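What follows is a short report on a single structure.
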Amino acid sequence: MSLRASSSSLIAALVVLVQITGAQDRGERLAWWKSAKLGIFIHWGYYAVDGIAESWSIWNGQITHAKYLEQAKGFTAERYDPMAWAELFAEAGARYAVLTSKHHDGVCLWDTRLTHLNVAEKTPAGRDLIGPYCEALRKKGLKVGLYFSLCDWSHPDYTVPFSRANGPDSMYHTDDYPHMGQEAFAPWDRFLLYYQGQVRELSERYHPDLFWFDGDWEHTAEEWRAKDLRDSILAWNPHAIINSRLQGYGDYQTPEQDPPLERLGGPWELCMTMNDNWGYRPSDTNYKSSREIIRTFIECVAGGGNLLLDIGPKPDGTIPAEQVERLKDLGRWIRAHDEAVYPTIAGLGPEYFYGPTALSADSQTVYLYLFDRPREFVALKGVKNTIRRIRLVGTDRELRWIVRDSATWNEIPGIVLITVPPDLPDPFANVLAVELESPLNLYRSSPH
């Protein structure tokens, strides 16, 4: 047997360790996530020190690999308070968070045994930063997500189009890696064992509820051995959720920055920055307003998706004040309208209401979201049910309505005109709850 063949066999044996018969089916695993609606994305790494683009600043030639790694000396995490993070996320209304355990630059936020390129060994932080994050989130009742880049632009066995720092091999020769004669393996086979070993390390040490992969575009599913990795994760943790960026072997779709123009089939999550960058970049002051963020969040809820809202902590571990302010504004809005957030399901199409809508889990309440102050009334079309009452969410106010142009002899329900008071209370968005006597039954118009 050739050395290449034997190394591939070893990889297969090490990756799929046990059968995944204990794994929950996809619907059961996604149940908590689909009702969560809001998660917090956390991009934290060396790049915060100089305030440059995370990893991509190397790829785009804005900084050399050697200079990029020199940022390590400024990554202190001296004011890192994971419980304060968790409390802020809970106050914002989030039900989960996702932290970058390793970005494309290969720098690990935990004391991995497979490389010296980690914050415990290379930075003044001098410790594992993942464990305390997981512990704090769980104490606040939040689910734990870990971002992990499949590609690794610092690894000597991973091909990149730029020069790397002198002697990168030394960072990857530890007591645990390479081992079992891997020095003689083909470079890609060594890298597969490396990255999959790190995923196993994260899974067995921290038991994340969610793996958020990235970087899969650089190789095919077969090259990544994506199916084997998915099966292994579910063997290690039968309850784990995996995002879509594993070459088709994930559980939900991950559009980026802009809400989908057309409703997506199946579960999805929008990841979005607060300004123009994922990580901390003090020169980027182009922040979205709280109103914009709340509007996008509502669009995600109305489309049956989640919002994964990004923050970029400073090198010392504190969260910029502009980001804290927006998280708190979002949290205040959610608390005032929580029944119209979770648990809800995707709402009506635009032919029924000119604006976003959602349904209660039992489909007996239609939520109408108002971004602007209507003149006199809003119109709801095509609802065949008897309406029990209509109220302004977050208050005890009930609203008047009339039905125009119904044709009961032809089962045409008419148009519900809802009188909206001029003094709507919420400065960002208001919500009307249309309560029905039975689960929603919509009219579909005929040609005549």
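The values are calculated or read from the model by the stated rules, or taken from the named source; none is laboratory data. The model shown is predicted, which means the values in this text are computed figures rather than measured ones. Backbone-built Cβ (ideal geometry, glycine too); neighbour counts: all protein chains shown.
The one condition from (1) farther than 21 Å from Val98 by Cβ; (2) modelled with pLDDT of 95 or more that Asn277 does not meet is (1).
None of Asp329, Asp372, Asp362, Asp338 is surrounded by fewer than 20 Cβ atoms within 10 Å (Cβ to Cβ) and in contact with a Pro (Cβ under 8 Å, 6 or more places away or on another chain) except Asp362. Working only within the range 93-106, note down all residues that are closer than 30 Å to Ala165 by Cα and in a strand (DSSP E or B). Scanning the range 93-106 gives Val98, Leu99, Thr100, Ser101, Lys102.
Do we have any residue at all in the range 172-186 that's surrounded by 14 or more Cβ atoms within 10 Å (Cβ to Cβ) and under 29 Å from the mean Cα position of the chain (by Cα)? Checking the range 172-186: not a single residue is surrounded by 14 or more Cβ atoms within 10 Å (Cβ to Cβ) and under 29 Å from the mean Cα position of the chain (by Cα).
Just give me the residues in the range 79-131 being among the small types (Gly, Ala, Ser), under 17 Å from the mean Cα position of the chain (by Cα) and farther than 12 Å from Gly45 by Cα, in sequence order.
We begin by selecting, within the range 79-131, every residue among the small types (Gly, Ala, Ser); these are 84, 86, 90, 92-94, 97, 101, 106, 120, 125-126, 131.
After this cut, where a residue has to be under 17 Å from the mean Cα position of the chain (by Cα) as well, the list is 86, 90, 92-94, 97, 101.
Hits for the range 79-131 are Ala86, Ala90, Ala92, Gly93, Ala94, Ala97.
Go through the residues of the range 248-255 one by one and say whether even a single one is crowded, with 20+ Cβ neighbours inside 10 Å, of a type in the set (Val, Ile, Thr) and closer than 20 Å to Leu142 by Cβ. No, there is no match, as no residue in the range 248-255 is crowded, with 20+ Cβ neighbours inside 10 Å, of a type in the set (Val, Ile, Thr) and closer than 20 Å to Leu142 by Cβ. There is at least one residue in the range 204-226 that is more than 28 Å from Ala97 (Cβ to Cβ) and either outside the structural domain of Lys102 (by TED's automatic domain parsing) or of a type in the set (S, T, N, Q) (or both). Of the residues making up the range 171-191, one or more are in contact with a Phe, Trp or Tyr (Cβ under 9 Å, 6 or more places away or on another chain), in contact (Cβ under 8 Å) with a residue 24 or more places away in the chain and closer than 30 Å to Arg26 by Cα.
Considering only residues that are without any contact (Cβ under 8 Å) to a residue 60 or more places away in the chain and outside any loop (DSSP other than H, G, I, E, B), look in the range 237-257 and name the one that is nearest to Glu28 (Cα to Cα). Per the stated criteria, the residue is Ile242.
Among (1) among the polar types (S, T, N, Q); (2) free of Cβ contacts under 8 Å to residues at least 40 places away in the same chain; (3) closer than 27 Å to Leu261 by Cβ; (4) out of contact with any strand residue (DSSP E or B) (no Cβ under 9 Å at 6 or more places or on another chain), there is one condition Thr285 misses while meeting the rest; what is its number? So Thr285 meets the others, but not (3).
Return yes or no: is Ala90 part of a helix (DSSP H, G or I), out of contact with any strand residue (DSSP E or B) (no Cβ under 6 Å at 6 or more places or on another chain), small (Gly, Ala, Ser) and buried (at least 22 other Cβ atoms within 10 Å of the Cβ)? No: the conditions fail for Ala90. Checking Ser283, Ser232 one by one, the residue that is more than 25 Å from Ala346 (Cα to Cα) and either touching a His at 6+ places or on another chain (Cβ under 8 Å) or assigned to a helix (DSSP H, G or I) (or both) is Ser232 and no other.
Name the single residue, out of those in the range 93-109 being farther than 23 Å from Arg127 by Cα and touching a Gly at 6+ places or on another chain (Cβ under 6 Å), that is surrounded by the most Cβ atoms within 10 Å (Cβ to Cβ).
Within the range 93-109, the subset farther than 23 Å from Arg127 by Cα is 93-96.
With the extra rule that they be touching a Gly at 6+ places or on another chain (Cβ under 6 Å), the set shrinks to 93-94, 96.
Working: Gly93: 22, Ala94: 27, Tyr96: 22.
Here the answer is Ala94.
Mind checking which strands (runs of 3 or more DSSP E) fall wholly inside the range 338-442 and carry at least 3 residues that are more than 30 Å from Ala90 (Cβ to Cβ) and touching a residue at least 24 places away in the same chain (Cβ under 8 Å)? Correct list: 377-381, 387-392, 415-419. In this structure, does Ser57 turn out to be at pLDDT below 50, in contact with a Phe, Trp or Tyr (Cβ under 9 Å, 6 or more places away or on another chain) and of a type outside the set (Lys, Arg)? When the stated conditions are applied, Ser57 does not pass them. Of all residue pairs spaced 6 or more apart or on separate chains, those with beta-carbon atoms under 9 Å, a first member in the range 266-281 that is among the basic types (Lys, Arg) and a second member that is assigned to a loop (DSSP other than H, G, I, E, B) are Arg281/Gly51; Arg281/Ile52; Arg281/Ala53; Arg281/Asn275; Arg281/Gly312.
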